[in-house]
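**Q** This is the structure I want to talk about, given as structure tokens.
The values are calculated or read from the model by the stated rules, or taken from the named source; none is laboratory data. All of these numbers come straight from a predicted model, not from anything done at the bench. Backbone-built Cβ (ideal geometry, glycine too); neighbour counts: all protein chains shown. The area values use the complete protein model at the heavy-atom level, side chains included, leaving out ligands, DNA and RNA. Shrake-Rupley method; radii C 1.70, N 1.55, O 1.52, S 1.80 Å.
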Amino acid sequence: MTHLRDQRAEGRAIGAYDLRRATEAAARAAYAWIGRGDKVQGDHAAVAAMAGELDKLALDARLLVGEGPRAEISMLYHGQTLGDSTQPSWDLVVDPLEGASYLAKGMTNAMAVVAMAPHGKLFDPAPALYMEKLAVPPAAKGKVDPAAPPAERLRQLSAVLGKPVDEMTVYVIEKPRNKALVEAIYEAGARVALYPAGDVAGALMAAIPGSGIDALMGTGGTPEGLLSAIAIRAMGGDFLARIDPQLASEQAAVDAAGLDCSRWMSLEEMVPSDDVVFCATGITTGLLLEGVERASGLERTQTLMIGGEAGRRQMLTSWHKRG
């Protein structure tokens with residue numbers, strides 16, 4: 001088989017079908033830890049597997065957002081370079097195990113995710129760990145004010161979609177920080193799809209017309225927000241975000257970095273390029289993806305690929321021989 005570095009020299013860029021090997025490997029490695037009560041070991045397994053596959057791709061890239069700072073993480077740390085180029089061609093955002101706590105409990109929506117954009121073409125969240133998010137389908141792009149109260153956002157979305165508010169469903173991560181938001185959505189008359197994890201899945205569902213999810217709202221992780229923004233940029237939906245620190249230490253770090261917590265960022269600010277690639281492989285079955293399944297010496301994975309040669313989106317089901 002021709003090595004991918006040689007393939008690049010022959011003019012074929014690394015894309016979704018290549019990157020999905022990293023998410024498939026992470027998902028298969030994490031599978032062994034579903035429902036075993038140990039999120040640390042599940043995360044370690046996924047990280048090691050994803051790192052190994054990314055290294056095989058020999059990407060000329062850096063990890064804009066990895067698993068954590070280099071001082072704390074030995075693999076897939078922020079700023080890590082992949083390949084031997086001194087000028088990276090790509091910036092990567094990775095989450096080898098989104099929903100680690102819930103994988104440990106055998107719960108829904110755990111997945112392995114990686115995305116990339118040309119170097120310098122992604123918002124750098126620096127020390128920001130959390131952001132408030134709004135994701136909506138293509139028809140609502142630019143037509144919903146993220147700074148408006150939830151009831152007004154829903155009225156704006158209702159007018160665009162031609163759908164009564166009381167028939168709309170909003171995906172929200174079930175966390176104490178989102179309690180007031182959930183109550184406001186109920187008060188406005190809409191339904192809430194509450195999930196303990198998986199706001200990447202929720203954001204993408206919101207960007208897919210007819211998915212059953214009309215919007216994603218609420219505060220969640222910044223890495224997940226950037227991953228969602230990359231995918232939604234290629235899908236034609238809209239994603240807006242505001243840095244929303246949850247701890248005093250995070251607030252101090254965000255202030256020191258000069259980030260504005262009051263301003264909502266547009267999708268184009270976060271992802272200035274549409275030359276993006278996104279891959280997510282399900283680990284536990286959720287709204288968006290089916291989880292890893294084992295049968296007759298094989299492992300089945302389901303991967304969502306967006307951007308590049310995959311276009312707006314493709315779903316790939318693969319069977320792997322168990323090692």
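**Q** With an 8 Å cut-off on Cα pairs and a minimum separation of 6 or more residues, tell me the relative contact order of the stretch 130-270 in percent. Spell out each step's value before the answer.
**A** Values: 266 pairs, mean separation 46.9, N = 141.
Worked out over the stretch 130-270, it gives 33 percent.
**Q** Once you have the Cα-Cα distance between residue 159 and residue 177, take 0.36 nm times their residue separation minus that, and quote the gain in nm to one decimal.
**A** 3.7 nm
**Q** Let me ask another. To the nearest 500 deg cm²/dmol, what mean residue ellipticity at 222 nm is calculated for the chain from DSSP H runs of n ≥ 4 alone, each contributing -39,500 (n - 2.57), summed and divided by the residues?
**A** -9500 deg cm²/dmol
**Q** Related question: What share of the DSSP beta bridges in the stretch 131-270 is antiparallel, in percent to the nearest 5?
**A** Rounded to the nearest five, the antiparallel share is 65 percent.
**Q** Along the charge dipole of the chain, which of 89, 262, 302 sits closest to the positive end, that is, farthest toward it, with unit charges on the beta carbon of Lys, Arg, Asp and Glu (+1, +1, -1, -1)?
**A** After comparing all options, I get 302.
**Q** What's the carbon and sulfur percent of the stretch 130-270's accessible surface, probe 1.4 angstrom, rounded to a whole number?
**A** Taking all protein chains in place, the stretch 130-270 shows 52 percent carbon and sulfur surface.
**Q** Can you compute 3J(HN,Hα) from phi for each residue in the stretch 192-207, using the Karplus curve 6.51 cos²θ - 1.76 cosθ + 1.60 with θ = phi - 60°, rounded to whole Hz and x for Gly and Pro?
**A** Karplus-based 3J(HN,Hα) across the stretch 192-207 equals 10, 9, 8, 10, x, 7, x, 7, 5, 4, x, 5, 5, 4, 5, 7 Hz.
**Q** Okay, next question. In the structure displayed, which of 39/121; 141/175; 56/133; 121/175; 133/163; 121/163 lie more than 24 Å apart, Cα to Cα? Don't jump to the answer; show the numbers that get you there.
**A** Numbers: 39/121 32 Å; 141/175 27 Å; 56/133 34 Å; 121/175 31 Å; 133/163 22 Å; 121/163 35 Å.
Where the Cα-Cα span goes over 24 Å, the pairs concerned are 39/121; 141/175; 56/133; 121/175; 121/163.
**Q** Which percent of Cα pairs goes in each bin when the distances of the stretch 199-323 are cut into 10 angstrom slices starting at zero?
**A** Per 10 Å bin, starting at 0, the Cα pair percentages come out as 12, 36, 29, 17, 5, 0.
**Q** While we're on this one: Using the Kirkwood formula over every pair of different C-alpha atoms, what hydrodynamic radius in Å results for the chain?
**A** 19.8
**Q** Follow-up. With the cut-off at 1.5 for a/c, could you classify the stretch 48-122 from its C-alpha gyration tensor as rounded, prolate or oblate?
**A** Because a/c hits 1.5 or more and a/b exceeds b/c, the stretch 48-122 counts as prolate.
**Q** I would also like to ask the following. In square nanometres, what is the average projected area of the Cα convex hull of the stretch 130-270? It would help to have the intermediate numbers written out before the result.
**A** Values: hull surface 30.2 nm².
Convex hull of Cα atoms, orientation-averaged projection: 7.5 nm².
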